[in-house]
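Engineer: Following this message is one structure expressed as structure tokens.
The values are calculated or read from the model by the stated rules, or taken from the named source; none is laboratory data. For clarity, every value in this text was computed on a predicted model and none was experimentally measured. With ideal geometry, Cβ positions are generated from the backbone for all residues, glycine too; neighbour counts draw on all protein chains shown. In case anyone asks, the SASA skips ligands and DNA or RNA and just uses the protein heavy atoms, side chains included. Shrake-Rupley method; radii C 1.70, N 1.55, O 1.52, S 1.80 Å.
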Amino acid sequence: MILEKYDVAIIGGGSAGLAALRQLSKLGKQAILLEAGTKVGSKNISGGILYSKKPKKGQVTNVDELYENFLEDAPFERKITKYILHSTSKDKEYSMDLTEAHDYQANFGCSVLMTKLNSWFAHQAVESAEKIGGGIIPGVHVKSITWNEGKAIIQTDELDEFEVKAIIAADGVNSEVAEMVEARSKFNPTQLYQGVKVIVKLPEEIIEERFGVSSDEGAAHLFAGDITLNHIGGGFLYTNRDTLSLGAVYHYDSLIRNPIEPYALIDVLIKNPLVSEFVRDVIPIKKEIDKSLPQEEQLRIRFGVAKLIKTWKEFRESSLSPSGRQSLINSGKYKTNESIQERLSIIEKQMAEKFDVTFGTDYVETEYGAKLVPDGKRCKMEKPFFKNILFVGDAAGRGVFVGPRIEGLNVGIDDGVRAANAVARSLDKNDFSESFMGEYYSQLIEESPYTLDMKQIDKDYLKIFLDAAKDVPKDIIGSRYGPILKMMSSGTFRGIAVKFANILGYDKLLPMIESENTYVKVPIQLAERLGATVSSTYSPTIPSIADRIAKLNYNDDHHSHIKVLNSESEFMKKIVTLCPAKCYSEEGGKVVIQHEGCVDCGTCSQETEWKHPRGEKGIHYQYG
Amino acid sequence: MSLNVGVIIKLEPDFSEGNVSYNPDGTLNRAETKNTLGPHSAVAAQAAFYAKVMYGAKISIGTMGPPIADLALKQAQEISDAEELQLYSDKLFAGADTLGTAEVLRVGIGKMQGEMDIVFAGHRASDGETGQTGPQTAWKLGFTFLGNVTSYSVDLETRTIRAKRLVSLQGSPDIIEEVEAPLPVFISIDPTFKSSYNTISQRLSFQKYQKEAKERVKNFNNYYKIFNADELGVDKTLVGLPGSPTIVYKVERVPKSTATRSAEVVDGSDPKQLQKVVGKMKEALEAMVIK
Ligand SMILES: Cc1cc2nc3c(=O)[nH]c(=O)nc-3n(C[C@H](O)[C@H](O)[C@H](O)COP(=O)(O)OP(=O)(O)OC[C@H]3O[C@@H](n4cnc5c(N)ncnc54)[C@H](O)[C@@H]3O)c2cc1C
Ligand code: SF4
């Protein structure tokens, strides 16, 4: 067997790894990207809003610079033009417009679905990579890295081992690369958030009408207050083209203190009347089939109804989207919008007359998913390299998360470009030593405005935030907040408050900002005292976790990628509750795992021998 | 060092659900049934593609059939990224048995670009063929015949092939036989053939050729050529009916099984009914346990 040799390997095909590939190819450098999923994008999940930023100091590479045709061609969902924070308490709701905070130093921020978007990124990156002998190899899981005379030897579960001069590790928050070479220890719960999310179907034009946006605009809604069930974090709802991303992101340590099933945090959000109304749609209701009929007849009816409902769903969805209507008209079967509408009525009539189908109100959930998110403020790698490996994005623990500011994607893309630049320089000088390549990359990362954002709060951003909160009554703010936050209600003192906040520094400020007060108590008070009453016309039927998992797309591996180390530990007993896919159960005081429904979130990785599934195995998202 | 690979394929009725139609007497309604590349031919095309990825082989595909058989060539090109597609079509060829067909294929293979090193064929057709066309074509070509090949590798320097063959003997377990032969060879490929690409460079060329195949299919006509009997230059006494010594003496329908079974329709959404099924499965399993 001959050992194949390449210049650079990128491990992980999320947005950060793909950015590195794109940049290296632009610089004319050969790189091979290895991705565990069957297709690039199928293992990635985000909230998500992808930002393009213009920091006042320093430079970043934005998605629309790395992919010049991004704005014209990329399958992003909607440009977010409304950004609202809702404080909730039962049927009371108080909203604050944070659009100015969302726009802060931003060229734009658009909602995205990772499966689709990363697949597009891959397509763009591969075109240039192929020309210089590089490319993307999906379905391959890297399992070990060793060194021979300074060159790294990569072993995978699927391919013969091969040699590279440099590695960019972009394997996400649960980076096995970081662990296998001991570049950093596993992130601990104080350094992480747990994110859980569902995709809700909603026709395009209903979204526009309901959220008050035009066809190329979108809205983001954030939630705090009683929907947190006393945890530190909150909910989000972003509009996509014809779906909604609805999710919850909570500080992992707050979940450990007060364990709760992650899906319960989504469920409570859906049950909030404001959210219930946001996700509401028309759904067909089938009549119970008469059980006294012959079984064949019962089956015939069941298939008939199912087929007609499917037709109705697809047709209605097209009829409520300009592009859908256009393609119906292009197909030649329909001349005008009216004839499309007519056809829809006919289908509905058929449903009613043939099968007694009626129409009701509910919401339609299609995909459930979860993943840990590294809290950059607390876990960014101080030394983001090891030998000839550079760490980027989530793998390096990098992201800017402060209050409503949620940015991991843009940070990872910028990191990917910086790592690619460092590697390209090393290829030119044929020096991949820590002092030449690693230190240089570290310096590039240090210059990143995002790194500064992970170290201190941006006072101008804080000021915008405080301005938006100027109507908050002083006495709502608890004593723990101290004088600074009280000052915020006064226009003259706000500037001083911000300065003072910066003097205090992140270490002292964070426990104040990221507290039960901020996420739970103050919002509840706000809603109760200043909020308007909201009500919902129906109560949503929420799928059980078993139903949610059953809908996901897995390529089962009989071999478990997770091994419980201590089945009796207190931590593992909490994981029984905290695993978003309910893979764990306790039997006779011992925690056991059933790995089949695992969504690779990483929540249990603290006290398990945790690996990603082998290539092509495990969860594959459709939306992400 | 180049490698020329030929593939012979067949357009067959599509037996997948919804595409097949039967006459009232139970025979196949060929007019109503859709056609497609035969599943065994598809495996042969995959085996040829393996030679392209691994050894940069040039691929030529040939088929004998009516003009609509270009569909099979198109499908096979998409799988194999073939650079040459030949259809042998003439009224004269009608009514051919396997020997008559083999003669056309032999001459066709001779018309392919370069001298063939390996010719692949599916191990049989799914619409009533007896699996003899391959061996007979091999015999006519004078090539070594390797049947039921499940994997292979080629040594371009010594121009030899190593192949694994699945040998099924009635009454004893299947065995895998490993053989080595000098090129040229004629291979009938086993349906269990799977190509595995274990290095980065193989995966990259796999992707490259797959992409290329998609592009080629778009320009199918640039690669496609149709030959009639004259253009092929076949000996007309050796093809079609005159070249077919097989006499179909009688076709018998397979008698309907006399065994009966009573099936019960179960509503899968009703837990009670499912419970019953589980009960029965348990019973059956218990009965299987040797006490
Ligand atoms: C619920 C939620 C909401 C979020 N909201 C936002 C938001 O609104 N805006 C924002 O900017 N960010 C948001 N984030 C964060 C953002 O999604 C992440 O920062 C970003 O997706 C990380 O990208 P990445 O490329 O670093 O890692 P990932 O996308 O995790 O990619 C890692 C890849 O590596 C592969 N891999 C792992 N191990 C191996 C191996 N051993 N061999 C081969 N391949 C391997 C994986 O299959 C995966 O494809 C959110 C995250 C979550 C979970
Ligand atoms: S088993 Fe672990 S990694 Fe998998 S879903 Fe549960 S907590 Fe997440």
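Engineer: Can you confirm whether A:E35 is within 14 Å of chain B (Cβ to nearest Cβ) and near ligand 1 (Cβ under 8 Å from one of its atoms)?
Structural biologist: Numbers: within 14 Å of chain B (Cβ to nearest Cβ): yes; near ligand 1 (Cβ under 8 Å from one of its atoms): yes.
It is true that A:E35 is within 14 Å of chain B (Cβ to nearest Cβ) and near ligand 1 (Cβ under 8 Å from one of its atoms).
Engineer: Give me a count of the residues in segment B:197-228 that are in contact (Cβ under 8 Å) with a residue 60 or more places away in the chain, of a type outside the set (A, V, I, L, M) and away from chain A (no Cβ under 14 Å).
Structural biologist: The total comes to 7.
Engineer: Let me ask something else about it. Sort out which residues of segment B:46-64 are under 12 Å from the mean Cα position of the chain (by Cα), touching a residue at least 60 places away in the same chain (Cβ under 8 Å) and surrounded by 21 or more Cβ atoms within 10 Å (Cβ to Cβ), and write them in order of number.
Structural biologist: Across segment B:46-64, the qualifying residues are B:A47, B:A48.
Engineer: Also, I was wondering about something else. Considering every residue within segment A:169-178, establish whether at least one is over 25 Å from A:G28 (Cα atoms), within 14 Å of another protein chain (Cβ to nearest Cβ) and surrounded by 19 or more Cβ atoms within 10 Å (Cβ to Cβ).
Structural biologist: Here is the first cut: in segment A:169-178, the residues over 25 Å from A:G28 (Cα atoms) are A:172-178.
Narrowing the set further to residues that are within 14 Å of another protein chain (Cβ to nearest Cβ) leaves none.
So far as segment A:169-178 goes, no, none of its residues is over 25 Å from A:G28 (Cα atoms), within 14 Å of another protein chain (Cβ to nearest Cβ) and surrounded by 19 or more Cβ atoms within 10 Å (Cβ to Cβ).
Engineer: Right, next: Within segment A:108-122, is there a residue that is crowded, with 20+ Cβ neighbours inside 10 Å, at the interface with chain B (Cβ under 10 Å from one of its Cβ atoms) and not in a helix (DSSP H, G or I)?
Structural biologist: no
Engineer: Considering only segment A:201-280, give the helices (runs of 4 or more DSSP H) lying wholly within it that have at least 1 residues that are closer than 28 Å to A:A546 by Cβ and open to solvent by 10 Å² or more (accessible area, probe 1.4 Å).
Structural biologist: Working: elements: A:204-211, A:252-257, A:262-271, A:273-279.
Helices (runs of 4 or more DSSP H) meeting the threshold: A:252-257, A:262-271, A:273-279.
Engineer: Among the candidates A:V520, A:V472, single out the residue that is assigned to a helix (DSSP H, G or I) and either β-branched (V, I, T) or at pLDDT 85 or above (or both).
Structural biologist: Working: A:V472 fails: assigned to a helix (DSSP H, G or I).
So the residue among A:V520, A:V472 that is assigned to a helix (DSSP H, G or I) and either β-branched (V, I, T) or at pLDDT 85 or above (or both) is A:V520.
Engineer: May I pose another question? Conditions: (1) assigned to a loop (DSSP other than H, G, I, E, B); (2) open to solvent by 50 Å² or more (accessible area, probe 1.4 Å); (3) under 30 Å from B:Y197 (Cα atoms). A:T541 meets all but one. Number of the miss?
Structural biologist: (3)
Engineer: Identify all residues within segment B:54-84 that are β-branched (V, I, T) and either farther than 16 Å from B:L37 by Cα or outside any helix (DSSP H, G or I) (or both); write none if there are none. Reasoning before the result, please.
Structural biologist: Residues of segment B:54-84 that are β-branched (V, I, T), as a first pass: B:59, B:61, B:63, B:68, B:79.
Within segment B:54-84, B:I59, B:I61, B:T63 qualify.
Listed here are the residues, each with its yes/no results for (1) closer than 22 Å to A:V196 by Cα; (2) in contact with a helix residue (DSSP H, G or I) (Cβ under 7 Å, 6 or more places away or on another chain); (3) within 16 Å of ligand 2 (Cβ to nearest atom); (4) within 14 Å of chain B (Cβ to nearest Cβ).
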position	(1), (2), (3), (4)
A:I49	yes, no, no, no
A:Q59	no, no, no, no
A:F70	no, yes, no, no
A:K79	no, no, no, no
A:S89	yes, yes, no, no
A:Y94	no, yes, no, no
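Engineer: Still on this structure: Select from segment A:282-292 the residues that are away from chain B (no Cβ under 11 Å) and open to solvent by less than 70 Å² (accessible area, probe 1.4 Å) and list them in ascending order.
Structural biologist: Scanning segment A:282-292 gives A:V282, A:I283, A:P284.
Engineer: Filter the strands (runs of 3 or more DSSP E) completely within segment A:1-90 down to those with at least 2 residues that are surrounded by fewer than 19 Cβ atoms within 10 Å (Cβ to Cβ). Before you say what the answer is, go through the steps one by one.
Structural biologist: Working: elements: A:4-11, A:31-35, A:49-53, A:79-89.
Ranges flagged: A:4-11, A:79-89.
Engineer: Which ranges mark the helices (runs of 4 or more DSSP H) fully within segment A:376-465 that have 3 or more residues being open to solvent by less than 30 Å² (accessible area, probe 1.4 Å) and out of contact with any strand residue (DSSP E or B) (no Cβ under 7 Å at 6 or more places or on another chain)?
Structural biologist: Working: elements: A:376-379, A:409-429, A:439-446, A:449-455.
Helices (runs of 4 or more DSSP H) meeting the threshold: A:409-429.
Engineer: Also, I was wondering about something else. Of the residues B:P39, B:P67, which is closer than 21 Å to B:Y152 by Cβ, touching a residue at least 40 places away in the same chain (Cβ under 8 Å) and open to solvent by 50 Å² or more (accessible area, probe 1.4 Å)?
Structural biologist: Numbers: B:P67 fails: closer than 21 Å to B:Y152 by Cβ.
Within the list B:P39, B:P67, the selection yields B:P39.
Engineer: Oh, and also: Please verify whether B:I175 is surrounded by 11 or more Cβ atoms within 10 Å (Cβ to Cβ), among the hydrophobic types (A, V, I, L, M, F, W, C) and more than 14 Å from chain A (Cβ to nearest Cβ), treating the condition exactly as stated.
Structural biologist: On the way: surrounded by 11 or more Cβ atoms within 10 Å (Cβ to Cβ): no; among the hydrophobic types (A, V, I, L, M, F, W, C): yes; more than 14 Å from chain A (Cβ to nearest Cβ): yes.
No: the conditions fail for B:I175.
Engineer: Kindly provide the set of residues from segment A:153-166 that are closer than 21 Å to A:Y441 by Cα and either away from chain B (no Cβ under 14 Å) or surrounded by fewer than 20 Cβ atoms within 10 Å (Cβ to Cβ) (or both), ordered by number. Talk me through it step by step, then tell me what you get.
Structural biologist: First, the residues of segment A:153-166 that are closer than 21 Å to A:Y441 by Cα: A:164-166.
Listed by number, the residues that qualify are A:K165, A:A166.
Engineer: Considering A:K313, A:K307, A:K333, which residue is assigned to a helix (DSSP H, G or I) and at pLDDT below 95?
Structural biologist: Working: A:K313 fails: at pLDDT below 95; A:K333 fails: assigned to a helix (DSSP H, G or I).
That would be A:K307, the only listed residue that is assigned to a helix (DSSP H, G or I) and at pLDDT below 95.
Engineer: Taking A:L526 as the residue in question, decide whether it is open to solvent by 40 Å² or more (accessible area, probe 1.4 Å) and either touching a residue at least 40 places away in the same chain (Cβ under 8 Å) or within 25 Å of the chain's Cα centre (by Cα) (or both). Step through it out loud before you land on a result.
Structural biologist: Working: open to solvent by 40 Å² or more (accessible area, probe 1.4 Å): no; either touching a residue at least 40 places away in the same chain (Cβ under 8 Å) or within 25 Å of the chain's Cα centre (by Cα) (or both): yes.
No; evaluated as a whole, the condition is false for this residue.
Engineer: Taking segment A:129-152, which residues are more than 14 Å from chain B (Cβ to nearest Cβ), of a type in the set (D, E, K, R) and more than 10 Å from ligand 1 (Cβ to nearest atom)?
Structural biologist: A:E149, A:K151
Engineer: Also, quick follow-up: Given the condition open to solvent by 50 Å² or more (accessible area, probe 1.4 Å), without any contact (Cβ under 8 Å) to a residue 24 or more places away in the chain and farther than 28 Å from B:K74 by Cβ, answer yes or no: does some residue in segment B:184-196 qualify?
Structural biologist: No; the residues of segment B:184-196 include none that is open to solvent by 50 Å² or more (accessible area, probe 1.4 Å), without any contact (Cβ under 8 Å) to a residue 24 or more places away in the chain and farther than 28 Å from B:K74 by Cβ.
Engineer: If you take the residues of segment A:574-601 that are near ligand 2 (Cβ under 9 Å from one of its atoms) and in contact with a Phe, Trp or Tyr (Cβ under 7 Å, 6 or more places away or on another chain), which of them is farthest from the other protein chains (Cβ to nearest Cβ)? Explain how you work it out, then say what you get.
Structural biologist: We begin by selecting, within segment A:574-601, every residue near ligand 2 (Cβ under 9 Å from one of its atoms); these are A:575, A:578-584, A:593-595, A:597-601.
Okay, now just the ones that are also in contact with a Phe, Trp or Tyr (Cβ under 7 Å, 6 or more places away or on another chain), so A:575, A:580, A:593.
Details: A:I575: 30, A:P580: 26, A:I593: 25 Å.
Checking each candidate, the answer is A:I575.
Engineer: Looking at (1) open to solvent by 50 Å² or more (accessible area, probe 1.4 Å); (2) part of a helix (DSSP H, G or I); (3) within 13 Å of chain B (Cβ to nearest Cβ), which is the only condition A:L299 fails?
Structural biologist: (1)
Engineer: Regarding segment A:551-569, can at least one residue be identified that is open to solvent by 30 Å² or more (accessible area, probe 1.4 Å), among the acidic types (D, E) and farther than 30 Å from A:A469 by Cβ?
Structural biologist: Scanning segment A:551-569, I find at least one residue that is open to solvent by 30 Å² or more (accessible area, probe 1.4 Å), among the acidic types (D, E) and farther than 30 Å from A:A469 by Cβ, so the answer is yes.
Let's see how each residue does on (1) within 21 Å of B:S201 (Cβ to Cβ); (2) more than 16 Å from ligand 2 (Cβ to nearest atom); (3) aliphatic (A, V, I, L, M):
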position	(1), (2), (3)
A:S128	yes, yes, no
A:G135	yes, yes, no
A:H141	yes, no, no
A:E149	no, yes, no
A:I153	yes, yes, yes
A:T156	yes, yes, no
A:V164	yes, yes, yes
A:A170	no, yes, yes
A:E176	no, no, no
